[in-house]
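Notes to accompany the following structure.
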Amino acid sequence: MKSKFFIVAFLLTLVCQPLWAQIELPNIFSNNMVLQRNEKVLLWGWGNTGEEVTVITSWDNKEYRVKTTINAKWNLEINTPEAGGPYEINFKGNDTEIVLKNIMIGEVWLASGQSNMQWSATTDKGIDNAEAEIKNANYPNIRFFTIARRTSDYPQDNIPGTWEVCAPETMKDFSAVAYFFARRLQGELNVPIGLIDNAWGGSPAEVWTPKSVFDENEDLKKSAESLEETPWSPVSPSQLYNGMVHAITPFKIAGTIWYQGESNRGRSDVYGKLFSEMVGSWRDAWDSEFPFYYVQIAPFNYKEPEQGVLIRDAQRRVLKTIPNSGMAVVSDIATIDNIHPTNKQDVGLRLANLALKETYNSFEGEVYGPLFKEVHPQGKKIEVVFDHSAGLMYKGKKVTHFEVAGADGAYHPAKAIIKNDKVILSSKEVKEPLNVRFAWDNIAEPNLFNAAGLPASAFVSE
């Protein structure tokens, strides 16, 4: 009888133990991680209710103390120094000690989107010069964190993953665009670079957008609820934000790079607003107006006429409405028969140059191709003015892919000449052109560039 009593008592003791028997850290904190330099960085975790947690940072040997709340959570801010490392952080609780090692202080960037961001050197057909790129990927001051694909109906507090040092065996399966972006930054800034990859192939922007956006925008909610199931990605609104983004929003980042849009091509009418709201919601969640640099989707032979170019134009237009943002145009490095162009090197380079110029003020070159500004009707002709048009030029025998329309709205091919970094258009079919469109086709690969060798974006002047 006594033995049964003791067994029952023992089991009750186990059941009544606190949920967190020892201090724990979210997975975003691990050996080899990168913390944002010169910042107040938040550390957080779990422990017994009321437990005192002591944190010691090796770069300044400073000691911090904090107690867990009634919810068994704790957090505190620490000051990070200028770039450097390796360092250690020591966490001590009542019965637990965790020591994180090989920590670097530098620049942390989030890389997100769909398959072109997820694409690695070994995915399917891989990338250009893959064998050499993998072999030479020895950059110990670049660190990778890949968030495993997860969905959730509710925002999660943790995500699976661990930080890894960049080496051939880790680079080969990591986002190629993000890797080339980081390699360029690291080489120019000479500071450690941390990359967090949470891309999911085939994902529409709606699944990366928090519920609050749809609660506040009935048109976006209605559009999101109309998404049809696909074999590539979940389509329920907010599921990837809940499962792959929310948990890392307290983690300080320098900015975000984004490559997505192909899966929204059937909803170009709302994409600009959706994308703008998504970016704003992420910044609200991080409590930071961090830079957001994105790739305009590449030309591809979609079955549906104009759907690809309509998204490209939406991405061009929204550039003006999202502060502290930038767009890389990649129409000249596309493969219209492959939705995953293998030239990821130049994509990463163009994103990195945007960051180097606009975030770090360490690049003096041009980072944009010509972007449509305005048109000036001139009787039988019409003048097109671009921003970023210095050294406007074309490759080939003549300028291609321009069309003009008159009062009837019907577009016809136009003859184009370049004069004083502007384009002058005319057409025998249009007596008085009023509007212009350029590269207005899913597979258009136009030949208009500026002196920096960067391509002009598709546009319509209406």
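A few comments on the model shown:
- Reachable lysines from Lys398, criterion Cα separation under 28 angstrom, eight or more residues apart if same chain: Lys373, Lys380, Lys381, Lys415, Lys419, Lys422, Lys428, Lys431
- The angle separating the long axis of helix 268-286 from the principal Cα axis of greatest extent in the chain is about 30 degrees.
- Estimated 222 nm signal from helices in the chain, with DSSP H stretches of n ≥ 4 weighted -39500 (n - 2.57), rounded to 500: -6500 deg cm²/dmol
- For the range 307-425, size of Cβ-based charge dipole, Lys and Arg +1, Asp and Glu -1, in debye: 280 debye
- Within the chain: Cβ-based charge dipole about Cα centre, in debye rounded to nearest 20 (Lys, Arg +1; Asp, Glu -1): 440 debye
- Counting only alpha carbon atoms, the long axis of helix 307-318 and the longest principal axis of the chain meet at about 70°.
- Where labels lie 7 Å past Cα in the beta-carbon direction, separation of Asp387 and Tyr154 in nm: 4.4 nm
- Cross-link pairs Lys211/Lys273; Lys125/Lys395; Lys303/Lys395 - those with Cα-Cα distance over 19 Å: Lys125/Lys395; Lys303/Lys395
- Look at the alpha carbon pairs under 8 Å that are at least 6 residues apart: their mean separation over the length of the chain gives a relative contact order of 12 percent.
- Rounded to 5, the percent of DSSP beta bridges in the chain classed as antiparallel: 70 percent
- For the range 242-342, share of DSSP beta bridges that run antiparallel, in % to the nearest 5: 10 percent
- Against the chain, whose longest principal axis comes from its Cα atoms, helix 345-358 is set at around 80 degrees.
- The order of the peptides 59-70, 331-342 by mean Cβ neighbours within 10 Å, most packed first, is 331-342, 59-70.
- Kirkwood Rh (inverse of mean 1/r, distinct Cα pairs), the range 29-81, angstrom: 11.9 Å
- For the range 213-286, the solvent-accessible area of protein heavy atoms averages 38 Å² per residue (probe radius 1.4 Å; ligands and nucleic acids excluded).
- ³J(HN,Hα), Karplus 6.51/-1.76/1.60, whole Hz, each residue of the range 408-422, x for Gly, Pro: 7, x, 8, 8, 9, x, 10, 7, 10, 10, 9, 9, 6, 6, 10
- Between Lys320 and Lys395, the simple spin-label model (points 7 angstrom out along Cα→Cβ) gives 2.8 nm.
- Projected-area mean, the range 371-462, by convex hull of Cα positions, square nanometres: 5.5 nm²
- Normalised by residue count, the chain yields a Cα convex hull volume of 173 Å³ per residue.
- All Cα-Cα distances of the range 310-395, cut into 5 Å bins from zero to the largest, leave 3, 11, 16, 22, 22, 14, 7, 4, 1, 0 percent in each bin in turn.
- Residue-normalised accessible area of the range 348-435, expressed per residue, 1.4 Å probe, Å²: 55 Å²
- Packing, as the average of other Cβ atoms within 10 Å across residues, places the peptides 273-283, 101-111 in the order 101-111, 273-283, highest first.
- Multiplying each eigenvalue of the alpha-carbon gyration tensor of the range 258-310 by 5 and taking the square root yields semi-axes of 26, 12, 7 Å, largest first, rounded to whole angstroms.
- Take the Cα radius of gyration of the range 166-255 and divide it by 2.2 N^0.38 Å, N being the number of residues; the result is 1.36.
- Portion, in percent, of the accessible area of the chain that falls on carbon or sulfur, probe 1.4 Å: 49 percent
- In the range 189-230, taking the dipole from charged Cβ atoms about the Cα centre, the farthest positive-side position among Pro210, Ser223, Pro192 is held by Pro192.
- Applying 1/(1 + (r/R0)^6) with r as the Cβ-Cβ distance of Glu306 and Lys422 and R0 = 22 angstrom yields a FRET efficiency of 0.25.
- Kirkwood radius and radius of gyration were both taken over the C-alpha atoms of the range 245-337, and their ratio Rg/Rh is 1.00.
- Taking a point 7 Å from the Cα of Ala407 along the Cα-to-Cβ direction, the residues of the range 422-462 with backbone N closer than 19 Å to it are 427-436, 462.
The values are calculated or read from the model by the stated rules, or taken from the named source; none is laboratory data. Please read all numbers here as calculations on a predicted model, not as lab measurements. Ideal geometry is used to build each Cβ from the backbone, glycine not excepted, and the neighbour counts take in all protein chains shown. Note: areas computed on protein heavy atoms with side chains; ligands, DNA, RNA excluded. Shrake-Rupley method; radii C 1.70, N 1.55, O 1.52, S 1.80 Å.
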